[in-house]
Amino acid sequence: MKVIPTEIPEVLLLEPQVYGDHRGFFMESFNQQVFADKTGLERTFVQDNHSRSKGGILRGLHYQIQATQGKLLRVMQGEIFDVAVDLRRNSATFGQWVGEILSAENHRQLWIPEGFAHGFYVMSDSADVLYKTTDYYAPQHERTVLWNDPDLAIAWPLAGPAPILSTKDQQGDRLAEAAVFA
């Protein structure tokens, strides 16, 4: 596995070793020891999630203010633009974001640590996203930052005039009013 730092050093892009030939491919999608050795992170993942979304869907920017979750994401089918926003008030990168294209073809994974909001936009006709979390889903602690907050100025690669959003995502907080981490 190759670890590629992003513009926010704690957010990591991971490239697994993929072995392919005329029959298809094989890759080890996760190995706890390799993850720890290559990233220097000791994390226990407690939940695996799978979402399927149609093209043009934007999910996020979500986080849990308590029972914080680190997330390790990958795409099984399709392509997404995946975004992490630093919500750690005392961080040098507070309020900054990074975005990476993850797809079934590039096999890349994104590590988003605790203290970050996460969201993605589906760039293909549909996408299946799998992600591991370091804590359990706790809806009472879930928060949403507005996907198009001008203070964040995320450069979403939108295919049309506006993405398809859930009610929750339409009603997210601006960063200036959002609950953030100390």
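Tabulated data
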| read-out | value |
| --- | --- |
| Proximal charge balance of residue 114 [Cβ under 10 Å; K/R count +1, D/E count -1] | +1 |
| Per DSSP, loop GluC sites (Glu not before Pro) in segment 1-88 with at most 16 further Cβ within 10 Å | 7, 28, 42 |
| Cβ-placed point charges (K, R +1; D, E -1), dipole of segment 15-64 about Cα centre in debye, nearest 20 | 360 debye |
| Likely footprinting exposure, 29, 53, fewest C-beta neighbours within 10 Å first | 29, 53 |
| Residue 93-residue 171 FRET efficiency (beta carbon distance; Förster radius 22 Å; 0.05 resolution) | 0.25 |
| Chymotrypsin sites (Phe, Trp or Tyr not before Pro) restricted to DSSP loop in segment 64-144 with at most 10 other C-beta within 10 Å | 136 |
| Alpha carbon centroid spacing (whole Å) that separates segment 125-182 from segment 54-80 | 8 Å |
| Largest-first principal axis extents of the Cα set of segment 22-105 (Å) | 50, 36, 23 |
| Relative contact order for segment 100-182, counting Cα pairs under 8 Å that sit 6 or more residues apart, in percent | 33 percent |
| Relative contact order [Cα under 8 Å, 6+ residues apart], segment 2-177, whole percent | 29 percent |
| Summed side-chain charge close to residue 93 - residues other than residue 93 whose Cβ falls under 9 Å, Lys, Arg +1, Asp, Glu -1 | -2 |
| Cα radius of gyration and Dmax for segment 2-177 (Å) | 15.8, 53 |
| Pairs of Lys in the chain closer than 27 Å at Cα, counting only those 8 or more apart or on different chains | 11 |
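Each value in this text was obtained by applying a stated rule to the coordinates, not by laboratory testing. On a predicted model such as this, the values are computed, not experimentally measured, just so you know. Every residue, glycine among them, receives a Cβ derived from its backbone with ideal geometry; neighbour counts consider all protein chains shown.
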